[in-house]
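First comes the structure, then the notes that go with it.
The values are calculated or read from the model by the stated rules, or taken from the named source; none is laboratory data. Not measured: the values here are computed from a predicted model. Cβ atoms come from the backbone with ideal geometry, glycine included; neighbour counts cover every protein chain shown. Heads up: the accessible areas ignore ligands, DNA and RNA and are worked out on the full protein's heavy atoms, side chains in. Shrake-Rupley method; radii C 1.70, N 1.55, O 1.52, S 1.80 Å.
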Amino acid sequence: MSLKLSVIIPTFNELDNLDEIVKRLELILNKVSWEVIFVDDDSPDGTASKAKEISLSDSRVRCIKRIGRRGLSSACVEGILSSSAPYVAVMDADLQHDEGILPLMLHALENEKYELAVGTRYMEGGGVGDWEESRKQTSQIATIISQKILGVSLSDPMSGFFMIKRESFDLCVYRLSNMGFKILLDIFVSSPKKLVFKEIPFQFRQRNAGESKLDQRVIWDYFLLLVDKTIGQYIPTKLVSFACIGAMGVGVHLMVLGFVLKILQQPFAWAQSTAVILAMIFNFNLNNILTYRDQKLTGFKFYTGLLKFMLACSVGALANVGVASVIYKDYGYWIFSGMAGVLVGVVWNYVATSLIVWPKKINK
Ligand code: GDD
Ligand code: MN
């Protein structure tokens, strides 16, 4: 029987879920030829070793271990690319996705001319179980935004549970943003032709073992995905992230300045210097967590990174003032001159820090 279905399961610290998910796949997929590919980002709990151990006695189980990398979307993409099956599914390792609908998904793609089958929580018969109110609301807002801004017609574009035909995936793979958590949405909006999809309801279950990796940062990732899919062809997404954080940094600067000047009654130069330093620390931190979360600096590298960041940004500040002064001298429009200075400063800071603080190499 030739291989029909690859199930791609991204994992990070899912050690105690592997045996169970493989057992369940085996039960439900007993009529098809399938394999499962765990894509693990070198989980500290040893998920990859466990997966490889299972694969020794079951050749349908494979594991890709990525070193110095993080990211659910990119893990799924690499898993899909590593397989040859004509149909590929993506699901969580933690049993939250009801494997019972996998045969229905496969049937839809194989026999009903659909290219994509999506497990949806927001249709008759589906549900999110007992989620907290806040998570329900966030999920709904994100859904509405992608429906309105990206024109997505899926009832559950945030779903992480779907199956797609290989040829449909191959058509969109070069255009994927590859960022963050929202792989289905990324595939859907990156496809050069509108994907013919079927939605199949399922009940989102409680996580089995371990804990969720979804945190506040996915909101920023989601924002960046939206940016990338709207203006991404003109401006690098990381630059947008960097500039937005820079704008927040201006807020921090002004607050600190006001506080030291008015409340602590210190001289202006002192207040301004404190504000500059704190705003830089704030910006460095946020960029490290959000813009460069995939290359996050920790431990000793955090401090050397901060130092390099401050140096680079000081040069940026000089460039900012220099350019603004020249333009102001020649043309005299203060707002225009100021904005030009800021633009040069931001672009300089972005380029310089991306080269010296967060260079593209494996940091481990
Ligand atoms: N390789 C890798 N790298 N895997 C990861 C990473 C990562 O950085 N982060 C998370 N994973 C794996 C987890 O181990 C799990 O198997 C799967 O990706 C989903 O992560 P969860 O931590 O279980 O996320 P969730 O259940 O809170 O979120 C689910 O619902 C969202 C919608 O509400 C997921 O299905 C999301 O995909 C979905 O968008
Ligand atoms: Mn999950």
Study note, to complete from the structure: Averaged per residue, the 1.4 Å probe accessible area of the chain, protein heavy atoms only, in Å², is roughly 51
Practice item. Any chance you could give the angle, 0 to 90 degrees and rounded to 10, that helix 102-111 forms with the longest Cα principal axis of the chain? Key: 80
Check your understanding: Of the residues I141, I263, I164, which exhibits the maximal mean-square fluctuation in a Gaussian network model of the chain defined by a 10 Å Cα contact cut-off?
Key -> I263
Check your understanding: Working from the pairwise distances between different alpha carbons, so that the mean of 1/r is found and then inverted, what is segment 205-364's Kirkwood radius in Å?
Key -> 17.5
**Study point:** Linear extension gain, Q140 paired with R166, 0.36 nm per residue minus alpha-carbon span
**Key:** 6.4 nm
Check your understanding: In nm, what is the difference between 0.36 nm times the number of residues separating E53 and H107 and their Cα-Cα distance?
Key -> 16.3 nm
Review point. Segment 63-111 to segment 1-31: how many Å between their Cα centroids?
Key: 9
Practice item. Please identify every one of the GluC sites (Glu not before Pro) in segment 92-158 that sits in a loop by DSSP and has no more than 16 other beta carbons within 10 Å of its own beta carbon. Key: E112, E124, E132
**Study point:** Loop trypsin sites (Lys or Arg not before Pro), segment 111-219 (other Cβ atoms within 10 Å of the site Cβ: 11 or fewer; DSSP)
**Key:** K113, K193, K194
Exercise for review: Under a cut-off of 20 Å between alpha-carbon atoms, report the lysines in cross-link reach of K4, not counting same-chain residues fewer than 8 places apart.
Suggested key: K23, K31, K113, K165, K198
Point to revise | Among the listed pairs K148/K182; K52/K296; K193/K238, those beyond 19 Å (Cα-Cα) | key: K52/K296; K193/K238
Exercise for review: Heavy atoms only, probe 1.4 Å: what % of the accessible area of the chain goes to carbon and sulfur, would you let me know?
Suggested key: 62
Practice item. Evaluate E = 1/(1 + (r/R0)^6) for T298 and W334, where r is the Cβ-Cβ distance and R0 equals 35 Å; express this FRET efficiency to the nearest 0.05. Key: 0.25
Check your understanding: Full extension from K31 to I219: what is 0.36 nm times the residue separation minus their Cα-Cα distance, to one decimal in nm?
Key -> 63.7 nm
Exercise for review: Go ahead and run the numbers for FRET between S325 and L239, Cβ-Cβ distance against an R0 of 22 Å, rounding to 0.05.
Suggested key: 0.35
